[in-house]
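Okay, so here's the structure we're looking at.
The values are calculated or read from the model by the stated rules, or taken from the named source; none is laboratory data. Being a predicted model, the structure only gives us computed values, none of them experimental. Heads up, the Cβs are rebuilt from the backbone with ideal geometry, glycines too, and the neighbour counts pull from every protein chain shown.
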Amino acid sequence: MSRVALGFARAVVRMLALLVVVTLSARADASPGSQRPACDLQVSCFVLTSRGVEWRIVDPRRSQAVALAVLPSTPSFVGWSETGEQVEYLVGRSLFRAGWRARFQPTEIMRLPEHPESCDWWFNPDSSAWQFVTERAAIVAPEGMDPGDGGLFRCELWQSTRTGLQWRMVRADTGMFDMEACGLADSGSSSVRRAHVQTPDEVSPPLGDGGEDSEIAGQGSGVDEGGDLERWYHGVDSTGSVGIEFSLRWASIEGRTLGPVTLVDSRTARRYIVPRTGDENAAPDSLGYVFLREACGWLLLQDTGGRWQLLDVRTTRACNSLPADAHEAYWCPRLN
């Protein structure tokens, strides 16, 4: 056999071997529940630095972080367009908009007035203007006059110019007082349309709020007086064999406590209790988390001490690109 023919034969053998490896790998990946879901989300977090508050985007799969911008303070609101191509964020009284990409160039599109103070705001596509509503103020009824069982409230609806910088009151609204401290009366709110933006809660809802969770047990025992303990399970693959198990205790109307948090793989009988950071005296199976969100097979959680963790549910590996002392963190659309 000539050298040319021998070289050709060896090349064919190598190609066949590579084809076999690729085929076997594809078959393995095609097994039920083995493939990770396509991930179009990353983690948005804010870190205090000497220059200000640094906005970072963390990619857990690559364990990489991108510095997006340096802000004077942590935004009190962040939202994305339906396509995820733009972001809006509120710093102080100013709302900025930018393309959702690294080192974006923000533009101020609206500035809330100092007085009166707003309790809710939005963009109304019908008027092509920004609007806000003031907090509900109780109306004191004249002596001898009953304002109603729940009392009466008054609030104001304000609207901006097209620039979003000047404001005028367009309506004074009244209604019956209820538990809400902000918002128009039902008759007033039904006539106001709001442009929709994706909030972090819509991008990835907190675990334990219903949604896709499956309750696997009833109330627990040995719980502090005044709280009921429930055991929940959240599956992260198509078969439900890999997931997150946690307890939920409603301590009050305002808040809840979560834990212990366990990463479960029923195929290997693995049960990994997530340790609480920053509290060496805490028992590993104690309640101690206030924030749990899962996306793409990764668990984002915060403990009661304010420390953050980002864990691969399948391998229990931690993503160290997320600073444990971040001010705030949540899932967000992938940068364009």
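Of all residue pairs spaced 6 or more apart or on separate chains, those with beta-carbon atoms under 6 Å, a first member in the range 97-118 that is touching a residue at least 40 places away in the same chain (Cβ under 8 Å) and a second member that is of a type in the set (Val, Ile, Thr) are Trp100/Val87; Ala102/Val66; Pro116/Thr134. Selection within the range 232-253: residues that are closer than 16 Å to Cys296 by Cβ and either in a loop (DSSP other than H, G, I, E, B) or in contact with a Cys (Cβ under 7 Å, 6 or more places away or on another chain) (or both). The member of this set that is modelled with the highest pLDDT is Val236. Considering the range 102-125, the residues that are within 15 Å of Leu68 (Cα to Cα) and surrounded by 15 or more Cβ atoms within 10 Å (Cβ to Cβ) include one that is modelled with the highest pLDDT, namely Pro106.
Once the range 126-136 is narrowed to residues that are of a type outside the set (S, T, N, Q) and surrounded by 14 or more Cβ atoms within 10 Å (Cβ to Cβ), the residue that is farthest from Arg168 (Cα to Cα) is Arg136. Residues of the range 103-124 include at least one that is closer than 30 Å to Arg334 by Cα and among the basic types (Lys, Arg). Of all the residues in the range 73-111, those that are assigned to a loop (DSSP other than H, G, I, E, B) and more than 24 Å from His327 (Cα to Cα) number 3. The condition of being surrounded by fewer than 21 Cβ atoms within 10 Å (Cβ to Cβ), under 17 Å from Arg334 (Cβ atoms), touching a residue at least 40 places away in the same chain (Cβ under 8 Å) and not hydrophobic (A, V, I, L, M, F, W, C) holds for Gln64.
Check whether at least one residue in the range 153-172 is acidic (Asp, Glu) and either part of a loop (DSSP other than H, G, I, E, B) or surrounded by fewer than 17 Cβ atoms within 10 Å (Cβ to Cβ) (or both), and report yes or no. Checking the range 153-172: not a single residue is acidic (Asp, Glu) and either part of a loop (DSSP other than H, G, I, E, B) or surrounded by fewer than 17 Cβ atoms within 10 Å (Cβ to Cβ) (or both).
Screening Val78, Val140, Val66 for residues that are at pLDDT below 95, under 19 Å from the mean Cα position of the chain (by Cα) and not hydroxyl-bearing (Ser, Thr, Tyr) leaves exactly one candidate, Val66.
Looking at Ser160, Ser189, which one is modelled with pLDDT under 85 and small (Gly, Ala, Ser)? So that I can check it myself, show each step before the final result.
Values: Ser160 fails: modelled with pLDDT under 85.
Answer to the check: Ser189.
The residues in the range 254-312 that are at pLDDT below 75, in contact with a Ser or Thr (Cβ under 9 Å, 6 or more places away or on another chain), of a type in the set (Lys, Arg) and not in a loop (DSSP other than H, G, I, E, B) can be counted, and the count is 0. Taking each residue of the range 72-93 that is on the phi > 0 side of the Ramachandran plot and looking for partners that are part of a loop (DSSP other than H, G, I, E, B) and buried (at least 18 other Cβ atoms within 10 Å of the Cβ) with beta-carbon atoms closer than 8 Å, six or more apart or interchain, yields Gly84/Trp100.
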